[in-house]
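One structure is given below, encoded as structure tokens.
The values are calculated or read from the model by the stated rules, or taken from the named source; none is laboratory data. Given the structure is predicted, the values throughout are model-derived calculations rather than measurements. Cβ placement follows ideal geometry from the backbone for every residue including glycine, while neighbour counts extend to all protein chains displayed.
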Amino acid sequence: MDTIFAEATPPGRGGVSVIRISGLQSKEALESLAGAIPEARKTYLRGLRDGDDLIDRALVIRFEKGESFTGEDVAELHLHGAPVIVQRLEAALVSFGLRRAEAGEFTRRAFLNGRIDLSEAEGLADLLAAETESQRKLAMRAAEGEVGRLTETLRQSLIRAGALVEASIDFADEDVPEDIPAEVFTLIDTVQTELRRILHQFPATERLRQGYEVAIIGPPNAGKSTLLNYIAKREVALVSDIAGTTRDILELRVDLRGLSVTFLDTAGLRESQDPVETMGVERAVRRARDADLRIHLSPNGVPQFDVADGDLVVRSKSDLSNDAEGISAHSGQGVENLLNKIYAFLRGKAADSGIVSHKRQAEAISRAIDLLDRSKSGLPELAAENIRLAIANYPRWLGA
């Protein structure tokens with residue numbers, strides 16, 4: 001494959017910029033720029049030159065094939081963080097015959113070279129996108145190979161089950177054996193039980209990775225936008241005494257004590273002759289139904305929408321009514337307690353989470369369960385084939 005390079009640090013001005021090179025020509029390119037680099041995995045301070053032009057003085061380090069992230073020969077150049085220096089060095093690398101890496105190409109090479117499995121690659125992507133502590137922890141577990149280790153344990157059980165079935169075929173007295181060893185069914189049942197447990201945890205784990213949605217719903221002028229602004233600590237939504245000010249859905253993504261939560265400020269629920277406001281109400285109803293939690297906000301404490309289990313019915317504008325049980329987004333009264341209740345509810349949902357957080361992984365588990373179901377009925381030859389397919393497809397697609 002081509003030798004590739006890319007800036008490993010965010011583009012722009014900073015203290016340090018890191019250029020990473022991967023491929024067969026990485027050592028040759030490094031020595032062309034910096035001179036002889038005697039030992040791998042050690043850092044050297046060298047001047048980087050393109051011919052007689054001194055580009056910069058940088059820390060350089062190289063990794064030999066099989067010991068780097070991509071599994072290829074790799075070199076890293078730690079430059080001063082000026083965009084003009086990065087551009088000049090990249091031009092020198094291009095002239096040397098290297099090419100700029102495509103998005104995700106370093107990770108793809110790591111996967112193709114067996115340095116990471118597919119679930120670790122997905123975990124790494126999730127780690128880079130993580131916004132909260134809970135997302136970071138979930139992504140780190142995947143990036144560190146926890147999914148692969150789990151699948152390998154289950155795979156070994158299936159390999160034994162398959163071997164027992166094939167042995168019963170190969171050493172049967174009859175041409176077509178009728179019995180499958182009892183241990184096979186025990187092994188399959190144990191694997192299926194674990195797979196069903198993981199699959200049951202998937203919806204909660206996926207929501208933890210993607211983040212939760214909390215819809216604030218209620219009649220016009222109930223204080224929904226004011227509450228959103230209070231949570232944001234800035235003016236996100238336009239606040240007005242005119243009913244129907246909010247017509248579209250406003251979204252505010254926050255880190256709620258380690259959980260990623262998107263608060264939805266929706267249009268006031270009422271009948272209207274205004275077609276635009278009517279569209280906003282319809283959209284609000286759809287998003288509210290799909291949300292993980294709904295806050296039914298109104299000055300009189302009467303919900304305008306169906307109350308589901310776990311929903312919070314909240315009386316607003318308590319500063320005007322002296323209601324100690326309600327909230328006031330103007331003064332902040334009761335808002336912290338409301339956020340505590342929201343966190344407790346969502347934390348309860350997160351407690352059911354596991355490790356599998358991608359739909360692709362869940363679909364692979366579902367396929368494996370189906371194949372193992374088929375292996376428990378029919379002739380030993382059919383059982384052996386379905387176990388073989390479960391071994392071949394389920395771990396590979398899941399990432400083991």
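Assorted remarks:
Each row is one residue, and each column tells you yes or no for (1) in contact with a helix residue (DSSP H, G or I) (Cβ under 9 Å, 6 or more places away or on another chain); (2) modelled with pLDDT of 85 or more.
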| residue | (1), (2) |
| --- | --- |
| Ile217 | yes, yes |
| Thr226 | no, yes |
| Lys233 | no, yes |
| Val236 | yes, no |
| Ser298 | no, yes |
| Gln304 | no, no |
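- Only one of Glu144, Glu152, Glu133 that is modelled with pLDDT under 90 and either among the charged types (D, E, K, R) or surrounded by fewer than 17 Cβ atoms within 10 Å (Cβ to Cβ) (or both): Glu152
- Subset of the range 58-111 (residues that are free of Cβ contacts under 8 Å to residues at least 40 places away in the same chain, of a type in the set (A, V, I, L, M, F, W, C) and assigned to a loop (DSSP other than H, G, I, E, B)): Ala103
- Lone unmet requirement of (1) part of a loop (DSSP other than H, G, I, E, B); (2) loosely packed, with under 15 Cβ neighbours inside 10 Å; (3) not charged (D, E, K, R) for Ile327: (2)
- Within the range 273-299, the set of residues being part of a loop (DSSP other than H, G, I, E, B) and surrounded by 13 or more Cβ atoms within 10 Å (Cβ to Cβ) comprises Ala291, Asp292, Pro299.
- Among the candidates Leu187, Leu195, Leu124, residue that is surrounded by 17 or more Cβ atoms within 10 Å (Cβ to Cβ) and free of Cβ contacts under 8 Å to residues at least 24 places away in the same chain: Leu124
Matching residues to (1) on the phi > 0 side of the Ramachandran plot; (2) surrounded by fewer than 12 Cβ atoms within 10 Å (Cβ to Cβ); (3) over 34 Å from the mean Cα position of the chain (by Cα):
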residue: Ile37; (1), (2), (3): no, no, yes
residue: Arg41; (1), (2), (3): yes, yes, no
residue: Leu45; (1), (2), (3): no, yes, yes
residue: Val60; (1), (2), (3): no, no, no
residue: Ala82; (1), (2), (3): no, no, no
residue: Gly97; (1), (2), (3): yes, yes, yes
residue: Glu120; (1), (2), (3): no, no, no
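- Flag if Ala130 is aliphatic (A, V, I, L, M) and under 20 Å from Ala6 (Cα atoms): no
Okay, residues lined up against (1) of a type in the set (A, V, I, L, M); (2) in a helix (DSSP H, G or I); (3) surrounded by 15 or more Cβ atoms within 10 Å (Cβ to Cβ):
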position: Pro303; (1), (2), (3): no, no, yes
position: Ile342; (1), (2), (3): yes, yes, yes
position: Leu346; (1), (2), (3): yes, yes, yes
position: Ser353; (1), (2), (3): no, no, yes
position: Leu372; (1), (2), (3): yes, yes, yes
position: Leu382; (1), (2), (3): yes, yes, no
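- Candidate set from the range 4-35 (those that are free of Cβ contacts under 8 Å to residues at least 60 places away in the same chain and touching a Ser or Thr at 6+ places or on another chain (Cβ under 7 Å)); member that is surrounded by the most Cβ atoms within 10 Å (Cβ to Cβ): Ser26
- Exactly one residue among Thr266, Thr246, Thr186 is at pLDDT below 95, more than 23 Å from Ile355 (Cβ to Cβ) and not assigned by TED's automatic domain parsing to the domain that holds Ala329, and that residue is Thr186.
- Any chance Ser260 is part of a loop (DSSP other than H, G, I, E, B) and either buried (at least 20 other Cβ atoms within 10 Å of the Cβ) or out of contact with any Gly (no Cβ under 6 Å at 6 or more places or on another chain) (or both): no
To keep it simple, each residue is scored yes or no on (1) modelled with pLDDT of 95 or more; (2) assigned by TED's automatic domain parsing to the domain that holds Ser26; (3) touching a Cys at 6+ places or on another chain (Cβ under 6 Å); (4) not hydroxyl-bearing (Ser, Thr, Tyr).
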site	(1), (2), (3), (4)
Thr70	yes, yes, no, no
Ala75	yes, yes, no, yes
His80	yes, yes, no, yes
Val86	yes, yes, no, yes
Ala103	no, yes, no, yes
Gly123	no, no, no, yes
